[in-house]
Structure formats: structure tokens, C-alpha cells
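K.L.:
My structure is below; once you've seen it, I'll send some questions.
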Amino acid sequence: MSKQNTLQELMSRELKEKSIFDQAQKCAYDYLDTVLERDVYPTAVALENLSQFDESLPEHSTQAAEVLQLLNHYGSPATVAALGGRYFGFVTGSAVPVGIAAKSLATYWDQNSAMHVLSPVSSKLESVVEKWLKEIFNLPIETVAGFVSGTSMANFCGLAAARYRVLKNQGWDINNKGLFNAPAIRIVTGKQAHSTIHKAIGLLGFGKDHVEWVDVDDQGRIIPELIPTLDNRTILILQAGNVNTGSFDPFDKIIDKANQAQAWVHVDGAFGLWAAAVKELQHLTRGIEKANSWAVDGHKTLNTPYDNGIVMCNDKEAIVSALHMTGSYIVVSDQRDGMFYTPEMSRRARVIELWAVMRYLGKNGITQMIHGLHERAVQFHHELSHVKGFELCNDVVFNQVLVRCDTDERTEKTMKRIQELRVCWVGGSVWEGRKVIRISVCSWVTTPKDVSLSVKSFEKALQEINKEETAH
Ligand SMILES: *Cc1c(COP(=O)(O)O)cnc(C)c1O
């Protein structure tokens, strides 16, 4: 018997006996038992042990149980406990339990969501979730959604649709004629646009030097009066949720103007678009429904597992044409074929966990969870305002809090010390030319107690730094 057959038999047995699935499940449960309580960031030993993975590709196959054991033993301790309630780095998000469970079930299904014929269930759920999202964000009925990896890709897709439409309006088909010698396009955006907007601008061939960057106010919002005169060759990129302050561009009147000028408006709403689901916060997103394309994440504010972003566009022809593929083998059904709304063809059915989280929470649950993030951020801001030595740098309109010490050096040292204490994890950023500590409340797990514990850790870190400085 050939070696290959033996391996095939072995794998068949693994599938049938399921002991490695039990093993993985057990490791997962052990992880869940400790992840909320353990150090938020891996210990030095855990990081050191990652060197165990530095090996050359084995010559022969290994026991599956051994592979899982390696992952559990050296991988698990080196994870960041973003799933828990005291991770406030970047803008991330935990995961709603049913989302993890649904994703795990979907893993066994291993669906390809490119076409209806490849996965009827994925096609159905994409249609359903598309409808739900339109309702939550109050978007026009003709809006279509593509289920992509995150907002980086969603921004790229929305701007690709914009590029298609703006050029088409000048009688230029980008797909056939390309960008060389194409009519000029104008890109207008705020100076606080997210780095992934810069990336998309590069990928789409617009060039950052070509962008008309508009000044922003002290919260990072685009200043409407400074937006240049728009026209039908312009793509205007706005932002719902500044990655530092959490602020929102004042959409309503700006988009009215853009619409009059027949400019395309794209909204980067990675985490902020969800403010639309909360009555008390809806003033922040007022007017977004008048834009043409939107990018949003499931994996940040909504707390789906990772790899979950959505592009939405009110111009189906533009987005499908921009991302289109052709091939005679493609079965175009009268049902939804997901690949027409994404750059990829084969793609895992990430809509499954998005559907599960939305179906589980319902409208009220979504509202409650997102409002909770806001309340914890307000609490963080409030409690920090009573700690001597910290200066707060932003208005907490949503889930972001910026804070600094009296000097950049002390801010940096304090942040590092907070990280070392491992009670919580926060990262740094720069705001108005000064170093700041950025706190992003994105996890459904975070309780008022988590916030208080974290503030205590801030206090302790600063005290230690101050003590060390006086000792020197
Ligand atoms: C996080 C973020 C992005 C990028 O989203 P990913 O899901 O990480 O690709 C884009 N814009 C803003 C405002 C963000 O906060």
C-alpha cells in the first residue's frame, strides 16, 4: 500500500473517531475557563516559549493530537485576552458567545460562500443579514452588502465602486480602459482619515499626493466650511468614529451638499456606524443614509469573532461592476451569489457568525450592548478625571477615551508600566502632536468593576513612575 493511501486512511479515521475534535473542544473550554481572569497580555515566559514553533517543516506527518497539543501548550498562553473585559487596545472587540459557537459549527460545514450553488445556506443568510443591516443603519432599500474580512477591505470595495461610478459618469469604463489616461478624479477627505483609507487610496491608484486633505477640528471632525467645492468627479470620504477620539464627521449637511454636486460619498464607519443602533447616540450618525457607500465591522463594536467586515453600497451596478468577475463556469442564479459583492471568489461563510450574533441579540440587545460600551467609556473618563496626574484629551461621544500625563515621556513610561502590570492593556497614539494613552471600550464583557480595576492600575503605574523619578 502506498504511503498516500495510509495517510488518507488515517485522516478518514480522525474524521470518524472525532477524538481530536474532543481534544480541541476540551482545550477551548479550558481556555474559556481562564481567559477572563488571566493576565491580559502574555507573560514573558509565554512569549519566550513561542520559539518552540521555530522548526523546519517536518519531513513526515505527525499525530494530529500532537499538533493540537503544540498549539494548546505554546499557542494558548501567548494569546492576547482580547476576549475578556480589560483589553482596551487599538479598537478591537470581544466575541458574543453564540458567535463563537456558530463559527465553530460553521467550521465543520466548511462552506464556500462564492455562489448560491456552492452554499445555499450562506447565500440565504447573506440576504437576510443584508436586510437586517439596512434596517439597523436606516439605509436605502436598494443598498446591497458584501461580506468581507474587515473594514480595510470594505473601504477598498466602497471606493472601488465609487471609482467605477465616477469614471462611468464621464463615459470611461475603468474595467476595460484602466486608469491610464482616464479622466481626472478628485478625492476629498479629512486629515484624520484612517490609515486604511490611505491604503485604499494607494491600492486604487489615486495617489495620496492627489488627495485634497481637509482640516479637522480639535476632535478630529472634518470642518464643513473648509470642504472644497464638490462636483460629479469627486469622491468624498467621511468618517463615523475617529480611531482616536471616537468623534463623527458632521454628516447631514455635508452629504446634502455632496448630493447636490453629484459627488460620491463613502463613509468609513468601522466601529462608529453602530451608534445608529442606539437612540441616545443616533445624533452622531444623522444623515449617513444619504451617502453612497459604507464600511463597517462586525468584529469591533458588534463583537462578532474576527474576520467580519461589511461593505454596503446603494449602487448595485457600481459595486458589482467594480468587483466583478467573469468566467464561463460561473453559474449565475436568481439567488444571491455573494462573490459579486466582494473581491474574492472563494470565501468562508463568515456571515454565519454575524447572523448568529444579530439573531441572538435582536434589536434591543444590539442597542443595549453598544450603549453599554459608551457608558463604560464615560465611566472610564469620569474616574480618570479624579486621578491626579492624568489629563483627559477628548470628549467621550462614543467609546474612545484619550488621556495623557504632563510630559510625553511620562505618558510613554506610564503606558508601558500599565502594560507590564497586565491588569488591562492600553496602547498609545498621538493626538494634536502629543503622546496619549488610548482607551477603546469595545468588549461586551467589560463591567463597571473592570473599568475601576483598570483605573486603579493606571493610578498605580503613574505612582510607580513618579516614585522612580524622585529616587533618581
Ligand atoms: C479598525 C478601523 C478600520 C480598519 O478595519 P479592519 O477591520 O481592522 O480592517 C478602518 N477604519 C476605522 C475608523 C477603524 O477604526
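The values are calculated or read from the model by the stated rules, or taken from the named source; none is laboratory data. This is a predicted model, so every value here is computed, not measured. Cβ sites come from the backbone with ideal geometry, for glycine too, and all protein chains shown count toward neighbours.
K.L.:
Does residue 296 qualify as being assigned to a strand (DSSP E or B), over 22 Å from residue 440 (Cβ atoms) and either modelled with pLDDT of 95 or more or within 16 Å of the ligand (Cβ to nearest atom) (or both)? Outline the logic, then answer.
P.N.:
Numbers: assigned to a strand (DSSP E or B): yes; over 22 Å from residue 440 (Cβ atoms): no; either modelled with pLDDT of 95 or more or within 16 Å of the ligand (Cβ to nearest atom) (or both): yes.
The answer is no for residue 296.
K.L.:
Something else now. What tally of residues in segment 251-268 results from selecting those that are over 17 Å from residue 213 (Cβ atoms) and within 16 Å of the ligand (Cβ to nearest atom)? It would help to see each step written out before you state the result.
P.N.:
We begin by selecting, within segment 251-268, every residue over 17 Å from residue 213 (Cβ atoms); these are 251-253, 255-257, 259-262, 264, 267.
This time we only want the ones that are within 16 Å of the ligand (Cβ to nearest atom), so: 251, 267.
Going through segment 251-268 one residue at a time, the tally reaches 2.
K.L.:
Give the residue that is nearest to the ligand (Cβ to nearest atom), with candidates limited to residues of segment 185-199 that are within 15 Å of residue 238 (Cβ to Cβ) and assigned to a loop (DSSP other than H, G, I, E, B).
P.N.:
Checked segment 185-199; the qualifying residue nearest to the ligand (Cβ to nearest atom) is 194.
K.L.:
Read through the list (1) among the charged types (D, E, K, R); (2) over 30 Å from residue 427 (Cβ atoms); (3) within 26 Å of the chain's Cα centre (by Cα), then give the number of the only condition that residue 231 fails.
P.N.:
Failing condition for residue 231: (3).
K.L.:
Then there's this: Which residue pairs have Cβ atoms closer than 9 Å, lie 6 or more positions apart in sequence or on different chains, and pair a first residue in segment 264-291 that is under 20 Å from residue 316 (Cα atoms) with a second residue that is hydroxyl-bearing (Ser, Thr, Tyr) and in a helix (DSSP H, G or I)?
P.N.:
Cβ pairs passing all conditions: 267/285; 268/151; 268/196; 269/151; 269/285.
K.L.:
State all residues of segment 225-248 that are surrounded by 24 or more Cβ atoms within 10 Å (Cβ to Cβ) and out of contact with any helix residue (DSSP H, G or I) (no Cβ under 9 Å at 6 or more places or on another chain); if no residue qualifies, say none.
P.N.:
Filtering segment 225-248 for residues surrounded by 24 or more Cβ atoms within 10 Å (Cβ to Cβ) gives 235-242, 245-248.
Listed by number, the list holds a single entry, 245.
K.L.:
Of the residues 460, 388, only one is surrounded by fewer than 17 Cβ atoms within 10 Å (Cβ to Cβ), of a type outside the set (S, T, N, Q), assigned to a helix (DSSP H, G or I) and in contact with a helix residue (DSSP H, G or I) (Cβ under 9 Å, 6 or more places away or on another chain); which? Let's see the steps before the verdict.
P.N.:
Values: 388 fails: assigned to a helix (DSSP H, G or I).
Criteria check complete, one pass: 460.
K.L.:
Now, a different point. May I ask you to list the residues in segment 424-447 that are without any contact (Cβ under 8 Å) to a residue 40 or more places away in the chain and of a type in the set (Val, Ile, Thr)?
P.N.:
Passing the criteria: 430, 437.
K.L.:
Now a separate question. Restricting segment 437-456 to residues that are small (Gly, Ala, Ser) and buried (at least 20 other Cβ atoms within 10 Å of the Cβ), which is farthest from residue 405 (Cα to Cα)?
P.N.:
Taking segment 437-456 as the starting set, the residues that turn out to be small (Gly, Ala, Ser) are 440, 443, 452, 454.
Filter once more, keeping what is buried (at least 20 other Cβ atoms within 10 Å of the Cβ): 440, 443, 454.
On the way: 440: 18, 443: 26, 454: 16 Å.
Per the criteria, the residue is 443.
K.L.:
Could you tell me which residue of segment 208-227 is nearest to the ligand (Cβ to nearest atom), considering only residues that are of a type outside the set (A, V, I, L, M, F, W, C) and under 24 Å from the mean Cα position of the chain (by Cα)? Steps first, answer last, please.
P.N.:
In the first step, residues of segment 208-227 are kept if they are of a type outside the set (A, V, I, L, M, F, W, C); the result is 208-210, 212, 215, 217-221, 224-225.
Retained after the next criterion (residues that are under 24 Å from the mean Cα position of the chain (by Cα)): 208, 219-221.
Working: 208: 16, 219: 14, 220: 10, 221: 13 Å.
Step by step, filter segment 208-227, then rank; the result is 220.
K.L.:
Moving to a separate point now. In segment 183-219, which residues are free of Cβ contacts under 8 Å to residues at least 60 places away in the same chain and of a type in the set (Gly, Ala, Ser)?
P.N.:
184, 190, 195, 200, 202, 205, 207
K.L.:
Just checking, how many residues over segment 230-250 are within 16 Å of the ligand (Cβ to nearest atom), assigned to a loop (DSSP other than H, G, I, E, B) and in contact with a Leu (Cβ under 8 Å, 6 or more places away or on another chain)?
P.N.:
4
K.L.:
State which residue pairs qualify: first residue closer than 17 Å to residue 450 by Cβ and inside segment 20-39, second residue in a loop (DSSP other than H, G, I, E, B) and basic (Lys, Arg) in any location, beta carbons under 7 Å apart, and separation of 6 or more residues or different chains.
P.N.:
39/422
K.L.:
Given (1) surrounded by fewer than 18 Cβ atoms within 10 Å (Cβ to Cβ); (2) in contact with a helix residue (DSSP H, G or I) (Cβ under 6 Å, 6 or more places away or on another chain), identify the lone condition not met by residue 404.
P.N.:
Condition (1) is where residue 404 drops out.
K.L.:
Give the residue, chosen from 73, 116, that is touching a helix residue (DSSP H, G or I) at 6+ places or on another chain (Cβ under 9 Å) and crowded, with 21+ Cβ neighbours inside 10 Å.
P.N.:
Details: 73 fails: crowded, with 21+ Cβ neighbours inside 10 Å.
Checking each option against the conditions leaves just 116.
K.L.:
From the list 350, 359, 434, which one is buried (at least 19 other Cβ atoms within 10 Å of the Cβ) and of a type outside the set (A, V, I, L, M, F, W, C)? Please lay out each step first, then the result.
P.N.:
Values: 359 fails: buried (at least 19 other Cβ atoms within 10 Å of the Cβ); 434 fails: buried (at least 19 other Cβ atoms within 10 Å of the Cβ).
After ruling out the rest, the residue left standing is 350.
K.L.:
Would you check if residue 377 is under 17 Å from residue 94 (Cβ atoms), in contact (Cβ under 8 Å) with a residue 40 or more places away in the chain and among the small types (Gly, Ala, Ser)?
P.N.:
yes
K.L.:
Keeping to segment 269-287, report how many residues are closer than 17 Å to residue 220 by Cβ, assigned to a helix (DSSP H, G or I) and within 13 Å of the ligand (Cβ to nearest atom).
P.N.:
Counting residues in segment 269-287 that are closer than 17 Å to residue 220 by Cβ, assigned to a helix (DSSP H, G or I) and within 13 Å of the ligand (Cβ to nearest atom) gives 3.
K.L.:
Hey, any hits in segment 361-383 for a residue that's out of contact with any Pro (no Cβ under 7 Å at 6 or more places or on another chain), part of a helix (DSSP H, G or I) and closer than 22 Å to residue 121 by Cα?
P.N.:
Within segment 361-383, one or more residues are out of contact with any Pro (no Cβ under 7 Å at 6 or more places or on another chain), part of a helix (DSSP H, G or I) and closer than 22 Å to residue 121 by Cα.
K.L.:
Please specify each residue of segment 333-347 satisfying the condition of being touching a strand residue (DSSP E or B) at 6+ places or on another chain (Cβ under 7 Å), surrounded by fewer than 17 Cβ atoms within 10 Å (Cβ to Cβ) and more than 21 Å from residue 105 (Cβ to Cβ).
P.N.:
Hits for segment 333-347: nothing passes.
Every residue, every condition in (1) within 14 Å of the ligand (Cβ to nearest atom); (2) surrounded by 21 or more Cβ atoms within 10 Å (Cβ to Cβ); (3) farther than 17 Å from residue 350 by Cα, yes or no:
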{"position": "125", "(1), (2), (3)": "no, yes, no"}
{"position": "128", "(1), (2), (3)": "no, no, no"}
{"position": "134", "(1), (2), (3)": "no, no, yes"}
{"position": "138", "(1), (2), (3)": "no, no, yes"}
{"position": "141", "(1), (2), (3)": "no, no, yes"}
{"position": "149", "(1), (2), (3)": "yes, no, no"}
{"position": "159", "(1), (2), (3)": "yes, yes, yes"}
{"position": "164", "(1), (2), (3)": "no, yes, yes"}
